[in-house]
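Colleague: Could you have a look at this structure, given as structure tokens, before my questions?
Values in this text are rule-based calculations from the coordinates and carry no lab data. Remember, predicted model here, so these are calculated numbers, not experimental data. Here the Cβ positions follow ideal geometry from the backbone for every residue, glycine too, while neighbour counts run over all protein chains shown.
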Amino acid sequence: MEKIINTIMSASSNVLYFCTAGKDRTGVVSAVLLRKLGYSDEIIIEDYMKSKENLADMLTAYAKERPEADMEIMIPHVDNISRLLKQI
């Protein structure tokens, strides 16, 4: 994680980073970057939770095709990002 953050923070141009859902790897990287840039937890949580809205259709379709999928695990939760922010 430290190498990822340092690479992005020291880039001489724009950086594009992403994952399929945007809530796990990308969500954590974004939260760490926003924290390093001085954003409040409220703003970081708001940014993270946008993934819930953006992913709703995709995750619903995924769950329909895979009944064993647990939507509660797949969707972003405020508690998860809040716990992360307490650790960084």
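Colleague: Just for helices (runs of 4 or more DSSP H) wholly inside the chain: which have at least 3 residues that are within 12 Å of the chain's Cα centre (by Cα)?
Modeller: Those helices (runs of 4 or more DSSP H) span 25-36, 41-65, 78-87.
Colleague: If I filter region 1-37 down to residues being among the small types (G, A, S) and under 21 Å from K86 (Cβ atoms), which single residue comes out as surrounded by the most Cβ atoms within 10 Å (Cβ to Cβ)?
Modeller: Filtering region 1-37 for residues that are among the small types (G, A, S) and under 21 Å from K86 (Cβ atoms), the one surrounded by the most Cβ atoms within 10 Å (Cβ to Cβ) comes out as G27.
Colleague: Among the numbered criteria (1) touching an Asp or Glu at 6+ places or on another chain (Cβ under 9 Å); (2) among the aliphatic types (A, V, I, L, M); (3) loosely packed, with under 10 Cβ neighbours inside 10 Å, which one does I73 miss?
Modeller: Single failed check for I73: (1).
Colleague: Sticking with this one: Which condition breaks for S40 when tested against (1) more than 17 Å from I81 (Cα to Cα); (2) exposed (fewer than 15 other Cβ atoms within 10 Å of the Cβ)?
Modeller: For S40, the failing item is (1).
Colleague: Within region 55-88, track down each residue that is under 17 Å from L34 (Cβ atoms) and either out of contact with any Ser or Thr (no Cβ under 8 Å at 6 or more places or on another chain) or of a type in the set (V, I, T) (or both).
Modeller: Residues satisfying the conditions are V78, N80, I81, S82, R83, L84, L85, K86, Q87, I88.
Colleague: Between a residue in region 39-65 that is free of Cβ contacts under 8 Å to residues at least 60 places away in the same chain and any residue that is part of a helix (DSSP H, G or I) and hydroxyl-bearing (S, T, Y), which pairs come within a Cβ distance under 7 Å, given they are 6 or more apart or on different chains?
Modeller: Cβ pairs passing all conditions: I45/S82; D47/S30.
Colleague: Could you please tell me which pairs satisfy a Cβ distance under 6 Å, a separation of 6+ or placement on different chains, a first residue in region 1-29 that is free of Cβ contacts under 8 Å to residues at least 24 places away in the same chain and under 24 Å from M49 (Cα atoms), and a second residue that is surrounded by fewer than 12 Cβ atoms within 10 Å (Cβ to Cβ) and not acidic (D, E)?
Modeller: Here the result reads T26/F18, each pair linking region 1-29 to a residue that is surrounded by fewer than 12 Cβ atoms within 10 Å (Cβ to Cβ) and not acidic (D, E).
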